[in-house]
Structures are given as C-alpha cells and as structure tokens.
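A.B. asks: Quick one: this structure, given as structure tokens, is what I'll be asking you about.
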Amino acid sequence: MISQRMQIRPSRSDERGALMALTQSAFGAPAEAQLVGALIDEPLETPSFVAELDGELIGHVLYSQLTGPDKALALGPLTVRQQWRDMQVGTQLTRQTLSQLRDDGWQSVFVLGAPGYYERFGFKSELADRVRSQYQGPYLLAKELVPGALSNFDGAI
C-alpha cells in the first residue's frame, strides 16, 4: 500500500525547482508553479512539506503565514502528481501536515478551495466568515488547530 511506503517530510531548499516543476505538471499551467516560487521567496514563514515515494516527489503542500489571527496560515497549493491522484496521497499529506503544524504551535489554517474536499479535514466556511477577506464566500474555509483560536478574532486576513 502506498501510504506505508510514502514518506511525508519538510521540503528542502534544494528542492525548489522540483517543487515548481511538480506543481506546473499537476496544474498544467505555470501560474500555480510561479505562486509556489513567489511564496517560498517571501520573508514570512512558509512551512512546506512533500510526499516522497521511492525517491520521487509525488506530492507537495505549501502553507503561508497570514497577517490577521495570531499564528494563522493559508494552505495552498496542494499538489499531487497526476498518476498518484485518487490514492489518498493528498489526504495523507494534508492530515499529517496539519497535525505537525499544530505541534509546531500554529493555531489556525485558512484555505480557498472545494468545500467537499477540505471539510473532511475539519475546515468550515462558518469559521472563515468571522474574518474579512476579498475571497469571502463558501470557498473560503478555516480550521482551528487550537480550539477557540478564531473565536475572538474580528478583522481582515
């Protein structure tokens, strides 16, 4: 089974080019790959994790520090190599990294994405309704890594 052979680990700085290539291949256009490069180059924290199988990078998830709620991140993009989709790579990558981020002291995560996909990880649009964002609506979701982390926040992200 893939999940038993796959390793999820923080990405390394020497993998920047491989991460951009993986992202461009998975999305079929350079825009998402350019976003990955730009976010990695930002001075804010960008926790980045890969799924590796037999020495090949088959998945990547990038988180970016947000201004707004204390210790908040944005998730995205989440990338899985085309031939490994529907094999729980993205699910395992997301679950393990959210747990790691909580252990690292992060308090909440926001994502702009498909509710049907991200709700299974505990993301809720109702939590994101508490913030102001140009992306406000049903596709902006949030997850508290620490219970109550967003309960008193009233502001923009």
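A.B. asks: Within the stretch 90-113, is there a residue that is farther than 26 Å from ASP14 by Cα and more than 15 Å from the chain's Cα centre (by Cα)?
C.D. replies: So far as the stretch 90-113 goes, no, none of its residues is farther than 26 Å from ASP14 by Cα and more than 15 Å from the chain's Cα centre (by Cα).
A.B. asks: Select from the stretch 78-89 the residues that are open to solvent by 10 Å² or more (accessible area, probe 1.4 Å) and touching a helix residue (DSSP H, G or I) at 6+ places or on another chain (Cβ under 8 Å) and write down the one among them that is modelled with the lowest pLDDT.
C.D. replies: Per the criteria, the residue is TRP84.
A.B. asks: Which condition number in (1) under 27 Å from GLN136 (Cβ atoms); (2) open to solvent by less than 50 Å² (accessible area, probe 1.4 Å); (3) free of Cβ contacts under 8 Å to residues at least 40 places away in the same chain; (4) of a type in the set (Gly, Ala, Ser) is the one that SER99 fails?
C.D. replies: Of everything listed in (1) under 27 Å from GLN136 (Cβ atoms); (2) open to solvent by less than 50 Å² (accessible area, probe 1.4 Å); (3) free of Cβ contacts under 8 Å to residues at least 40 places away in the same chain; (4) of a type in the set (Gly, Ala, Ser), SER99 misses just condition (1).
A.B. asks: Something else: Would you check which residues across the stretch 116-133 are touching an Asp or Glu at 6+ places or on another chain (Cβ under 9 Å), under 12 Å from ILE157 (Cβ atoms) and open to solvent by less than 50 Å² (accessible area, probe 1.4 Å) and list them?
C.D. replies: Those that are touching an Asp or Glu at 6+ places or on another chain (Cβ under 9 Å), under 12 Å from ILE157 (Cβ atoms) and open to solvent by less than 50 Å² (accessible area, probe 1.4 Å): LEU127, VAL131.
A.B. asks: Just checking, does the stretch 56-66 include any residue being open to solvent by 20 Å² or more (accessible area, probe 1.4 Å), more than 13 Å from the chain's Cα centre (by Cα) and at pLDDT below 90?
C.D. replies: no
A.B. asks: Test each condition in (1) closer than 30 Å to ASP154 by Cα; (2) in a helix (DSSP H, G or I); (3) of a type outside the set (Val, Ile, Thr) for PRO43 and report the one that comes out false.
C.D. replies: (2)
Every residue, every condition in (1) open to solvent by 50 Å² or more (accessible area, probe 1.4 Å); (2) in contact (Cβ under 8 Å) with a residue 12 or more places away in the chain; (3) not in a helix (DSSP H, G or I), yes or no:
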| site | (1), (2), (3) |
| --- | --- |
| GLN4 | yes, no, no |
| LEU19 | no, yes, no |
| GLU32 | yes, yes, no |
| VAL36 | no, yes, no |
| LEU39 | no, yes, no |
| PHE49 | no, yes, yes |
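A.B. asks: Also, I was wondering about something else. Somewhere in the stretch 134-156, is a residue open to solvent by 30 Å² or more (accessible area, probe 1.4 Å), part of a loop (DSSP other than H, G, I, E, B), of a type in the set (A, V, I, L, M, F, W, C) and over 19 Å from GLY68 (Cβ atoms)?
C.D. replies: No.
The values are calculated or read from the model by the stated rules, or taken from the named source; none is laboratory data. Computed from a predicted structure; not experimentally measured. Every residue, glycine as well, gets a Cβ built from its backbone with ideal geometry; the counts of neighbours run over all protein chains shown. For the accessible areas, the whole protein counts, side chains as well, though only heavy atoms, and no ligand, DNA or RNA atoms are used. Shrake-Rupley method; radii C 1.70, N 1.55, O 1.52, S 1.80 Å.
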